[in-house]
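The values are calculated or read from the model by the stated rules, or taken from the named source; none is laboratory data. Predicted model only: the values in this text are computed from it and were never measured. Positions of Cβ are generated from backbone atoms using ideal geometry, with glycine treated the same way; all protein chains shown enter the neighbour counts.
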Amino acid sequence: MAMMDVQLNSWLLLGNAPTHFADTEVVTYLPSGERHAYTYGDFARRAMQLMHALDDLGIDRGVPVATLAWNTYRHLELYFAVPCSGRVLHTLNLRLSPEDLAYIVGHAGDQVIVVDADLLPLLEKVAALGALASVSHVVVMGDAPVSGLSSPTPPSVLSYEELLAGRPEHYAALEIPETAPLGMCYTSGTTGRPKGVVYTHRSTYLHSMGTSSGLGLRIGPDDCVLPVVPMFHANAWGVPHAATAVGAKQVFLAGPLDPAVLADALATERVTVSAGVPTIWLGLADELTRRTTRLPHLRHLACGGSQPPRALIERYRNEFAIPIIQAWGMTETSPLASMAWPKERMRDWADGRLDDAVRGQAGLPLAGVAVTIRDDDGNDVAWDGETMGNLLVRGPWVADSYLHGEGEEQFTADGWFRTGDVAVGSPDGYFVIADRTKDLIKSGGEWISSVDMEAAIMAMAEVAEAAVVAVPDPKWQERPLACIVPRAGAEVSLDAVRRQLLASGFAEWQLPDRVELIAEVPKTGVGKFDKKVLRARFGEGASSPEA
């Protein structure tokens, strides 16, 4: 006896929505302020019209179709129509520079770009660099008039709604091999050129099951999810695929994030699960405090991209009664790989103990993801809560190579991916990210974790954000520099920072010799602290003890 040989492809993710959840809503808050709402039934019909449209445009199966778009219902249609019709969805990060986008479009060989109307000026800059040579069609979403692009080899420019109009609302499911490529996303390129990661139908299906599971985001048909994380990078943490598969209501916020709009949407739509980076939740907390709003339906927030400050976790628990669950992952891990859920035996632990043992950790690996921590010689280190090592992962939704065979050095001969993170494993089985390899500070031959120092500084009431970087030192090789964004009207001094760090357990020799007060911490295109900008700004730095 054997099980049915069913290919794990995008049609399995799509199948339940129009059949069993046809009346469940998909809501988008548009930049105009309009609330657009339709159902999974409507979504599936339009997605299938788009599949026919791609066929009629003569787009070969297996080629990349790119999106340059916000989080919207149309982007959700593309998430499914492109791979279900046999093409490869390539989400372009709209926060990258035109030069990086030009490189990525050419490197990927995109043949179609589907763009939100308000992002056409950005695409114009990409086109002006001569980067659309491989692109035959540009499809514009929205109500703006459609006009041509200024390009040496201009593609045809079409209207998304006109393209769908009148086409059949049913599309026969294709027999797509589960090993075929489904989607593609490029790394942020914090070091060197961005590299392409290709997701298969199988990896995306399995990632969706992990994302919705009890070790993941814990979502089901009775949930309403709002991914603040962008759909243009790393699958919006897998939320659109997973939520569609399990029939959860989805809410999208289009355009640049406004904490007031986010607060309104969370309350109005009775959102139960949301996901975003720490800076999002910092802004939302201030907004909720300002308006004295509470969110009784919100069951938990997933927080990733960087370690959330302990003060932020405590603030949400104590002020809003909302748990923040730390998540960890990368573009190369689809991206969700772990979440910091407590175990059953910990249910009676006090909050302080849980914060130390669980909530401050990157978490427990999702079922199917294996994690190991190794020293520089490739030997496994002890999970003793103290020993640092290089974090490696493997699993069915972890990349085994980059597009065009680039970055071979990040993959081991025995089948592991070198994440570039330095981690510490605990006896309880959790792991914490001590730092990125490039962000560790080596002072006098000893390592200092910039992540731990940032968390301690951001626990100060006067501090909105803090990033710690290494700066050259003639005696000690490197010293930590704290770049701090004070809260409005607050004062932050070097002495106060040093006292805070001493109280947090840092040794005297680890303390920064100076701080720099800045207006904001520069961010990457996905909202992470961009420390290379700070290193370039202060690395050869001023000699003043304090800015």
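Below is a table of values for the structure above.
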{"read-out": "Criterion (in a loop (DSSP other than H, G, I, E, B), without any contact (Cβ under 8 Å) to a residue 40 or more places away in the chain and aliphatic (A, V, I, L, M)) met by exactly one of 496, 488", "value": "488"}
{"read-out": "The stretch 435-466, residues that are farther than 22 Å from residue 527 by Cβ, of a type in the set (Asp, Glu) and in a strand (DSSP E or B)", "value": "446"}
{"read-out": "Conditions (1) small (Gly, Ala, Ser); (2) surrounded by 13 or more Cβ atoms within 10 Å (Cβ to Cβ); (3) on the phi > 0 side of the Ramachandran plot: number failed by residue 405", "value": "(2)"}
{"read-out": "All strands (runs of 3 or more DSSP E) inside the stretch 62-155 with 2 or more residues being at pLDDT 95 or above and under 14 Å from residue 232 (Cβ atoms)", "value": "64-68, 88-91, 112-116"}
{"read-out": "Top-ranked residue in the stretch 1-47 [being in contact with a His (Cβ under 6 Å, 6 or more places away or on another chain) and not in a loop (DSSP other than H, G, I, E, B); ranked as nearest to residue 262 (Cα to Cα)]", "value": "28"}
{"read-out": "Single match in 81, 102, 66 (criterion: small (Gly, Ala, Ser), closer than 22 Å to residue 193 by Cβ and either buried (at least 23 other Cβ atoms within 10 Å of the Cβ) or not assigned by TED's automatic domain parsing to the domain that holds residue 168 (or both))", "value": "66"}
{"read-out": "Residue that is modelled with the highest pLDDT [pool: residues in the stretch 518-546 that are aliphatic (A, V, I, L, M) and surrounded by 15 or more Cβ atoms within 10 Å (Cβ to Cβ)]", "value": "518"}
{"read-out": "Filtered residues of the stretch 276-297 (kept if of a type outside the set (Ser, Thr, Tyr), in a helix (DSSP H, G or I) and within 14 Å of residue 321 (Cβ to Cβ))", "value": "285, 288"}
{"read-out": "Test: residue 248 is under 30 Å from residue 403 (Cβ atoms), small (Gly, Ala, Ser) and touching a Gly at 6+ places or on another chain (Cβ under 9 Å)", "value": "no"}
{"read-out": "Residue ID - surrounded by the fewest Cβ atoms within 10 Å (Cβ to Cβ), chosen from residues in the stretch 227-279 that are β-branched (Val, Ile, Thr) and assigned by TED's automatic domain parsing to the domain that holds residue 33", "value": "246"}
{"read-out": "Residue identified as farther than 23 Å from residue 314 by Cα, of a type in the set (A, V, I, L, M, F, W, C), touching a Ser or Thr at 6+ places or on another chain (Cβ under 8 Å) and assigned to a loop (DSSP other than H, G, I, E, B) among 469, 526", "value": "526"}
{"read-out": "Verdict on residue 508 being under 30 Å from residue 70 (Cβ atoms), over 20 Å from the mean Cα position of the chain (by Cα) and either acidic (Asp, Glu) or modelled with pLDDT of 95 or more (or both)", "value": "no"}
{"read-out": "Where a residue in the stretch 304-316 is hydroxyl-bearing (Ser, Thr, Tyr) and its partner, wherever it lies, is not in a helix (DSSP H, G or I), with Cβ under 6 Å and at least six apart", "value": "306/528; 316/322; 316/324"}
{"read-out": "Residues that are modelled with pLDDT of 95 or more, among the small types (Gly, Ala, Ser) and surrounded by fewer than 16 Cβ atoms within 10 Å (Cβ to Cβ), drawn from the stretch 156-198", "value": "165, 166, 172, 173"}
{"read-out": "Residues (among the β-branched types (Val, Ile, Thr) and buried (at least 16 other Cβ atoms within 10 Å of the Cβ)) located in the stretch 1-39", "value": "24, 26, 27, 28, 39"}
{"read-out": "For residue 219: the one exception among (1) closer than 30 Å to residue 465 by Cα; (2) touching a helix residue (DSSP H, G or I) at 6+ places or on another chain (Cβ under 6 Å); (3) buried (at least 22 other Cβ atoms within 10 Å of the Cβ)", "value": "(1)"}
{"read-out": "Matching option when the condition is among the aromatic types (Phe, Trp, Tyr) and either at positive phi or surrounded by fewer than 20 Cβ atoms within 10 Å (Cβ to Cβ) (or both), among 411, 417, 431", "value": "411"}
{"read-out": "Matching residues in the stretch 40-50 - criterion: being buried (at least 24 other Cβ atoms within 10 Å of the Cβ) and under 17 Å from residue 114 (Cβ atoms)", "value": "43, 47, 48, 50"}
{"read-out": "Options 207, 201: the member that is buried (at least 21 other Cβ atoms within 10 Å of the Cβ), under 18 Å from residue 394 (Cα atoms) and over 18 Å from the mean Cα position of the chain (by Cα)", "value": "201"}
{"read-out": "Residue match in the stretch 380-396 (condition: in contact (Cβ under 8 Å) with a residue 12 or more places away in the chain and in contact with a Leu (Cβ under 7 Å, 6 or more places away or on another chain))", "value": "yes"}
{"read-out": "Residue tally, condition in a loop (DSSP other than H, G, I, E, B), closer than 20 Å to residue 114 by Cα and either aliphatic (A, V, I, L, M) or modelled with pLDDT under 95 (or both), over the stretch 207-242", "value": "3"}
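Yes or no, residue by residue, for (1) more than 23 Å from residue 229 (Cβ to Cβ); (2) among the hydroxyl-bearing types (Ser, Thr, Tyr):
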{"residue": "47", "(1), (2)": "no, no"}
{"residue": "56", "(1), (2)": "yes, no"}
{"residue": "60", "(1), (2)": "yes, no"}
{"residue": "77", "(1), (2)": "no, no"}
{"residue": "89", "(1), (2)": "no, no"}
{"residue": "97", "(1), (2)": "no, yes"}
{"residue": "124", "(1), (2)": "yes, no"}
